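The values are calculated or read from the model by the stated rules, or taken from the named source; none is laboratory data. Remember, predicted model here, so these are calculated numbers, not experimental data. All Cβ positions, glycine included, derive from the backbone under ideal geometry; neighbour counts span all protein chains shown.
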């Protein structure tokens, strides 16, 4: 079960939020640190969330065509 931490960037859908998860990797040749990010559609359930909050998300069974993650806790 995969657990990720990210920031809420959109709340325009009902019971769904878009969470952006950032990670830092090094370039294979030049060894420079690069910031990479990915957006996940997550199920919010009955939680009331605010744009910009940090949340933890966990992988679940497919909820819809695009949703495979669920919000477990709000960090801030």
Any hit, segment 20-36, residues being in contact with a strand residue (DSSP E or B) (Cβ under 8 Å, 6 or more places away or on another chain) and either at positive phi or at pLDDT below 95 (or both): no
Failed item, numbered, when residue 12 is tested on (1) touching a strand residue (DSSP E or B) at 6+ places or on another chain (Cβ under 7 Å); (2) exposed (fewer than 12 other Cβ atoms within 10 Å of the Cβ); (3) free of Cβ contacts under 8 Å to residues at least 24 places away in the same chain: (1)
Residue satisfying all of: in segment 48-69; surrounded by 14 or more Cβ atoms within 10 Å (Cβ to Cβ) and closer than 17 Å to residue 9 by Cβ; farthest from the chain's Cα centre (by Cα) among these: 49
Which listed residue, of 56, 67, is in a loop (DSSP other than H, G, I, E, B), closer than 21 Å to residue 1 by Cβ and touching a residue at least 40 places away in the same chain (Cβ under 8 Å): 67
